Amino acid sequence: MSRAAELAEVDAAIQRWMDALHPGVLATEWVLISAGVSSERPGTGYEVAASSALPYHNATGLAALLTTEIEAIYDEEDPL
């Protein structure tokens, strides 16, 4: 399967997820960041995918939101 076909599947899945959360809302842009480990090489590997027409200002906005959301998750888990 080509990278474009894989991204089209991710795009469709994200749209279904957004529609389940907020019916009628169209997911216009998205960024997916995945971390994984492999027994073949040490350390964590990262994969980043984004919607095909993601403008720079939207990408930076999503990245800023991601940072805020991650900080909130860790603040909730460890209040110190």
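Tell me, what % of the accessible area of region 20-60 is carbon and sulfur with a 1.4 angstrom probe?
58 percent
Efficiency by 1/(1 + (r/R0)^6): what FRET value for Val37 and His57, r their Cβ-Cβ distance, R0 = 25 Å, to the nearest 0.05?
After rounding to 0.05, the efficiency reads 0.15.
Give, in whole angstrom and from largest to smallest, the semi-axes √(5λ) of the equivalent ellipsoid of the chain, with λ running over the eigenvalues of the Cα gyration tensor.
24, 21, 13
Could you do me a favour and compute the accessible area per residue for region 1-71, 1.4 Å probe, result in Å²?
77 Å²
Which loop GluC sites (Glu not before Pro) in the chain, with loop taken from DSSP, have no more than 13 other Cβ atoms within 10 angstrom of their Cβ?
For GluC sites (Glu not before Pro) across the chain that sit outside H, G, I, E and B with at most 13 neighbouring Cβ atoms in 10 Å, the list reads Glu40.
Would you look at the GNM of the chain, springs on alpha carbons closer than 10 Å, and say which of Ala27, Ala12, Ala35 moves the most?
Top of the fluctuation ranking is Ala35.
Could you compute the net charge surrounding Arg3? Neighbours are other residues with a C-beta less than 13 Å from the C-beta of Arg3; K and R count +1, D and E count -1.
Residues close to Arg3 contribute a combined charge of -4.
The values are calculated or read from the model by the stated rules, or taken from the named source; none is laboratory data. Fair warning: this is a prediction, and the values are worked out from it, not measured in the lab. With ideal geometry, Cβ positions are generated from the backbone for all residues, glycine too; neighbour counts draw on all protein chains shown. The accessibility values were calculated without ligands, DNA or RNA, using every heavy atom of the protein model including side chains. Shrake-Rupley method; radii C 1.70, N 1.55, O 1.52, S 1.80 Å.
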